[in-house]
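**Q** Supplied in structure tokens, the structure appears directly below.
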Amino acid sequence: MTIELRSVTDSNFTEWRKAVRHGFGQHVHPDDIARLRNDRAELDRLIAAVDTSSERIVGTGGADSYSLTLPGGATVPMAGVAYMTTSVTHRRQGAFSRMMSKIHDEARERGDIVSGLWASQSHLYSRFDYGLAVNSYDWEIDPSFGAFSHSPIDPGEESDAHVYFVDADEAAAMLPGIYAQMHEQTIGSVNRNEGRWRYELFDEERVRGGGSPLFFAICEEAGEQTGYVAYRMHRIGDSDMGTLEVVEQVSITDTAHATMWRFLLNFDLVGKITAVNRPSDDPLWWMLSDPRRLSRTSHDALWVRLLDIPKALEARTYNADGCVKIGLISESQPEIAGTYVLEIDDSQGSVKKTTDKPDVVMTPADLSAIYLGGVTPGPLVEAGRIDAITTGSVAKLHGMFSTDSAPWCAHYF
């Protein structure tokens, strides 16, 4: 038996998509296959692992094209790795590793500087030099405990911000512009193209999880749309104190954030509000009079791998000037091992290789973890993941890579 990596074409796309969902223990609706093909999938970035004895697809993988916002506001092209499965009948035969290698090689050829993914298994991707760069929270709160003790809106002054409902067609026209502004100013965020917006806003009954159709509300300040929320209601009968499920909430100003959450926490006939994938430094916890009532469950979000280490390090800005020599060790990428001199001048970095002794030693996964500023090097040193060779090197690394706000990737892929 031989496993061969092949391109995905229109002729085998349906089989490939069924294999993807089968790998996650799901069946797929025929209309959803067409929707993925039309609105999201890039055929030339997809891979099928085929058992040549049966000509069946036994492994799947691929990537979506994104731009990733870095500290300082620059964006770089990112391969959004997704669709990764191996059939239980063909595990531990090398197909997964070969698909990952091919995805990374083709991403470099396309000019991608980094790759990113949301991991179905958190122990899996560090061996491919991915580092956990973004954490997020899932929330749950009883809105009767939603009183604010602090807010960026002065309670003694009338706020110009107001919220209004829009229908699905209006939301499709308004939300992308607000999201694009958030993407520009939020470290760790990725863009959404027109097709992906259609894919995200698809709302037929089979994707609602028993909830209502989506509701949409917009925050507006001085004639500018500065925030939105998309949510569902889960309720049985008019007297049920149901659950309001926040599917996505985005704000581009502090006022919009406070206004949108005041709006949500004011709902009657709601016993619980849930929200997934909230920023790790979201200020709502600090605004609540009784913050303990906001239950927060932390989980890993975006994992990042630096495909071109010099270009990636030079693309972002830094919070402190100076020079640090970073030694990299990698079993999966021996060709990139060595010491890199990162010199920061006026917040901009330049990178070159050296034969000098390193100040710190780490894997590419750990460098990827601190890349966006959401993870500081101190805990990685304490965990035995980063070795500090010279005195003061960890503090220097911390000062350089730290950011004023935590990264957040609002978009799951």
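**Q** Taking the alpha-carbon distance from Lys311 and a cut-off under 29 Å, which lysines remain once sequence neighbours fewer than 8 residues away in the same chain are dropped?
**A** Here the lysines satisfying the reach criterion relative to Lys311 are Lys102, Lys325, Lys352, Lys353, Lys357, Lys396.
**Q** Which one of Ser101, His411, Leu264 is farthest out on the positive end of the charge dipole of the chain, using unit charges on Cβ (Lys, Arg +1; Asp, Glu -1) and the Cα centre as origin?
**A** With unit charges placed on the Cβ atoms, the residue in question is Ser101.
**Q** Write out the chymotrypsin sites (Phe, Trp or Tyr not before Pro) in segment 184-252 meeting two conditions: DSSP loop, and at most 15 other Cβ atoms within 10 Å of their Cβ.
**A** Listed in order of number, the matching sites are Phe202.
**Q** Looking only at Leu36, Leu313, Leu117, which one moves most when the chain is put into a Gaussian network model with springs between Cα atoms under 10 Å?
**A** The residue with the greatest mean-square fluctuation here is Leu36.
**Q** Another question about this same structure. Heavy atoms only, probe 1.4 Å: what % of the accessible area of the chain goes to carbon and sulfur, would you let me know?
**A** Roughly 48 percent, rounded to a whole number.
**Q** Contour minus end-to-end for Asp138 and Asp290, with contour as 0.36 nm per residue of separation and end-to-end as the Cα-Cα distance?
**A** Gain on extension, Asp138 to Asp290, equals 52.9 nm.
**Q** State, to one decimal in nm², a quarter of the convex hull surface area for the C-alpha atoms of segment 1-152, i.e. the direction-averaged projected area.
**A** 13.3 nm²
**Q** Ok, one more. Could you work out the Rg to Rh ratio of segment 7-57, with Rh taken as the Kirkwood radius (inverse of the mean 1/r over all Cα pairs)?
**A** That ratio is 0.95, to two decimals.
**Q** For a quick size check, give me the Cα extents of the chain along its three principal axes, largest first, whole Å.
**A** The Cα atoms of the chain stretch 65, 59, 35 Å along their principal axes.
**Q** Would you mind calculating the gained length between Asp31 and Asp356 on full extension (0.36 nm times residue separation, minus the Cα-Cα distance), in nm to one decimal?
**A** Contour length minus the Cα-Cα distance gives 111.2 nm.
**Q** Here is a further query. Please give the per residue accessible area of segment 249-318, computed with a probe of 1.4 Å over protein heavy atoms only, in Å².
**A** Result: 40 Å² of accessible area for each residue.
**Q** On to the next question. Assign unit charges at the C-beta atoms only (+1 for Lys and Arg, -1 for Asp and Glu), then state the dipole size of segment 83-188 relative to its Cα centre in Debye, rounded to the nearest 20.
**A** 1360 debye
**Q** Based on the inverse mean of 1/r over its pairs of different Cα atoms, what is the Kirkwood hydrodynamic radius of segment 153-204, in Å?
**A** Kirkwood radius, segment 153-204: 13.4 Å.
**Q** Quick one: among Ala222, Ala180, Ala133, which has the greatest mean-square fluctuation in a GNM of the chain with alpha-carbon springs under 10 angstrom?
**A** Ala222
**Q** Now for a different question. Divide by every residue of the chain the summed helix terms, -39500 (n - 2.57) for each DSSP H run of at least 4, and state the resulting mean residue ellipticity at 222 nm, rounded to the nearest 500 deg cm²/dmol.
**A** Computed mean residue ellipticity for the chain: -7500 deg cm²/dmol.
**Q** Here is a further query. Let me check I've understood the local charge: for Tyr228, count other residues with C-beta under 12 angstrom from its C-beta, Lys and Arg +1, Asp and Glu -1. What total comes out?
**A** -3
**Q** Rounded to the nearest 20 Debye, what is the dipole magnitude of the chain about its Cα centre when Lys and Arg each give +1 and Asp and Glu each give -1 at the C-beta?
**A** Once rounded to the nearest 20, the dipole reads 1800 debye.
**Q** Could you give the dipole magnitude of segment 228-384 about its Cα centre, charging the beta-carbon of Lys and Arg +1 and that of Asp and Glu -1, in debye to the nearest 20?
**A** The dipole magnitude comes to about 320 debye.
**Q** Can you list the residues of segment 363-381 with backbone N under 19 Å from a point 7 Å past the Cα of Ser122, pointing along Cα to Cβ?
**A** In segment 363-381, the label zone of Ser122 (backbone N under 19 Å from the point 7 Å along Cα→Cβ) covers 365-381.
**Q** Ignoring the sites themselves, what is the longest stretch of the chain with no GluC sites (Glu not before Pro) in a DSSP loop and at most 16 other beta-carbon atoms within 10 Å?
**A** 205-330
The values are calculated or read from the model by the stated rules, or taken from the named source; none is laboratory data. Owing to the predicted nature of the structure, the values given are computational and were not obtained by experimental measurement. Counting neighbours? That spans all protein chains shown, and the Cβs are built from the backbone with ideal geometry, glycine included. Heads up: the accessible areas ignore ligands, DNA and RNA and are worked out on the full protein's heavy atoms, side chains in. Shrake-Rupley method; radii C 1.70, N 1.55, O 1.52, S 1.80 Å.
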